[in-house]
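Participant: What follows is a structure written as structure tokens; I'll ask about it next.
The values are calculated or read from the model by the stated rules, or taken from the named source; none is laboratory data. Since this is a predicted model, take the numbers as computed values, not measurements. All Cβ positions, even for glycine, are placed from backbone atoms using ideal geometry, and neighbour counts span all protein chains on display. Accessible surface areas use protein heavy atoms only, side chains included; no ligands, DNA or RNA. Shrake-Rupley method; radii C 1.70, N 1.55, O 1.52, S 1.80 Å.
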Amino acid sequence: MLEKKCILFLYGEGRYDSSVMAVKEYIEAKGDSYVVAISDKELYPFYRYKLAFYAYRFLSRGCAWLNNLHLSFNTIWNKINVSKSKKECKEIVEPNGGLKGLMYSWTEQYRRIRNILLRYTPEVVVCSTPKLLRDTAKACDKAKLKNIDICGLVTDYCLDARFVNYKANRYFVQNSDVKERLVSLGIDEEKIDVTGTPISNASKEKFDRTQVLEELGIKNDRLNIAIVGGRYGQSAVRSVFTSLAELENDINIIVLSGGNNGLIKYCELITKNRKIEDKVFVVEDIDKFAKIYTIADILVTSPTASISYEAMYHNNNVILCNGGDTIENRNSHYLATNQLALLGRNNDELVASISKIMSDNEFADEMKYAQNEFVVPDCDKILGEILTKIAEDNSNNKKAEAEQAKNKSTEKLAELDALEDGSNNVEQIVQEEKENIDG
């Protein structure tokens, strides 16, 4: 199996993993490449990963302003230095000097990635987070590996400036605006491909609406408003649910709890107090997430790239609640500006957006048309084909270099043999002359 071309995916656990798995699924189905997918949970020391996980959860849910400050600082830092040469910019992206550079080298944060690269010798490495991209570039340099393309996969609708890395060979981005932003920050345009957001075949699956409603115990013909919180947990869902519970409209409120006991109890409490048991349906678990898209007339979700893209693929009326950081809120702004979704960041916006969809059929049709124009259904196939082609080219280059090295070794051996034969001939002539003199 390892004789095949190797494509390595490095992704963030619970962040951008669905797009990586969609492309992995497509390439494996082709069968001509060996695919390895490793999460950052496996790459970094456990204590460090857990610390980063809890820090991320705290920043995105409980202290978003601090997370926004961090992201904004990175964006401003890149803007200030965009006019500098690429050599100088490399120092910004990858710390080499000072205390930060010393700590980076001493702790060898890239060590496990380097060992993985030496183990699998991949032709292509695709990184879904800025840190993985930075550490992979560092690891390739340390291991002196050639014919490996280091690629960044950017699935957000707006660019996280931390992705800028001048040692990356390729970028696969969500849309042309992200591409333009990378170009403005000094990345060569030829290195950037617009591929959309890959989604899995399971997420594309269509279901019979009547059967799904029956499965969930919904036996009426009301408008279905589904709430999906994404990775921001129950805080976003609670806020949306409370607002919807106050509406007097004849609707069904479908909450995907993901088995969160705290959220389930909260919904039950509000439902009982408001006496709306007939319109609230809490779904603790569902075998296929695409079933929610099938029954949702309106989908209220956090502005995560994968869920919003999947919802647009299914032509849902999408309302975006408040995100956990600047990147997510910029995603919301991008989708709303391009009439791909509506905003529901607070109670007033949420109610206004629902009213807009319910009362203005023409607007809802226009939004669905814009979604059809925006979504690329076969993103996984497009990206998979590009990666397979890169892997094939790099594999051929490796074989050519190996053959060239083999030919050089053969020539050297031939030269040594010739010198040895020549030396033997000289000795024979000297011996014959000695015999003639003695005679």
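Participant: Could you grab the Rg to Rh ratio for the range 188-281? Cα atoms only, Kirkwood for Rh.
Facilitator: Looking at the range 188-281, the ratio lands at 1.12.
Participant: At 1.4 Å probe size, with every protein chain present, just tell me what the per residue accessible area of the range 261-400 comes to in Å². Please list the in-between numbers first.
Facilitator: Working: 6220 Å² over 140 residues.
Heavy-atom accessible area per residue stands at 44 Å².
Participant: Rounded to the nearest percent, how much of the accessible area of the range 276-418 (1.4 Å probe, protein heavy atoms only) is carbon and sulfur? Mind showing how you got there, number by number?
Facilitator: Working: 3250 of 6710 Å².
Of all accessible area on the range 276-418, carbon and sulfur atoms account for 48 percent.
Participant: Another question, then. Which order do the peptides 376-386, 112-122 take when ranked by the mean count of other beta-carbon atoms within 10 Å per residue, highest first? Walk me through the numbers before you get to the answer.
Facilitator: Working: 376-386: 19.5, 112-122: 17.8.
With the highest mean Cβ count within 10 Å placed first, the list reads 376-386, 112-122.
Participant: Leaving ligands, DNA and RNA out of it, report the carbon-plus-sulfur percent of the accessible area of the range 166-250 at a 1.4 Å probe. Mind showing how you got there, number by number?
Facilitator: On the way: 1630 of 3940 Å².
Roughly 41 percent, rounded to a whole number.
Participant: Still on this structure, please answer the following. Take the alpha carbon atoms of the range 104-225, find their radius of gyration, then divide it by 2.2 N^0.38 Å using N residues; give the quotient. It would help to have the intermediate numbers written out before the result.
Facilitator: Numbers: Rg = 20.4 Å, N = 122, 2.2 N^0.38 = 13.7 Å.
Ratio of Cα Rg to 2.2 N^0.38 Å: 1.49.
Participant: Related question: Taking only protein heavy atoms and a 1.4 Å probe, what accessible area per residue, in Å², does the range 178-221 have with all protein chains in place? Mind showing how you got there, number by number?
Facilitator: Numbers: 2490 Å² over 44 residues.
Per-residue value: 57 Å².
Participant: Tell me, how many Å apart are the Cα centres for the range 137-151 and for the range 294-313?
Facilitator: Centre-to-centre distance over Cα atoms comes out at 37 Å.
Participant: Please tell me which of these pairs span more than 30 angstrom C-alpha to C-alpha: LYS191/LYS288; LYS219/LYS288; LYS30/LYS191; LYS219/LYS368? Before the final figure, lay out the partial values.
Facilitator: On the way: LYS191/LYS288 36 Å; LYS219/LYS288 20 Å; LYS30/LYS191 25 Å; LYS219/LYS368 27 Å.
Correct reply: LYS191/LYS288.
Participant: Run through the range 272-316 and list the GluC sites (Glu not before Pro) located in a DSSP loop whose Cβ has at most 14 other Cβ atoms within 10 Å.
Facilitator: On the way: sites: GLU277, GLU284, GLU310; in loops: GLU277, GLU284.
Those that pass, being in a loop and sparsely packed, are GLU277, GLU284.
Participant: Compute the distance from the alpha-carbon center of the range 195-217 to that of the range 160-193, in whole Å.
Facilitator: 32 Å
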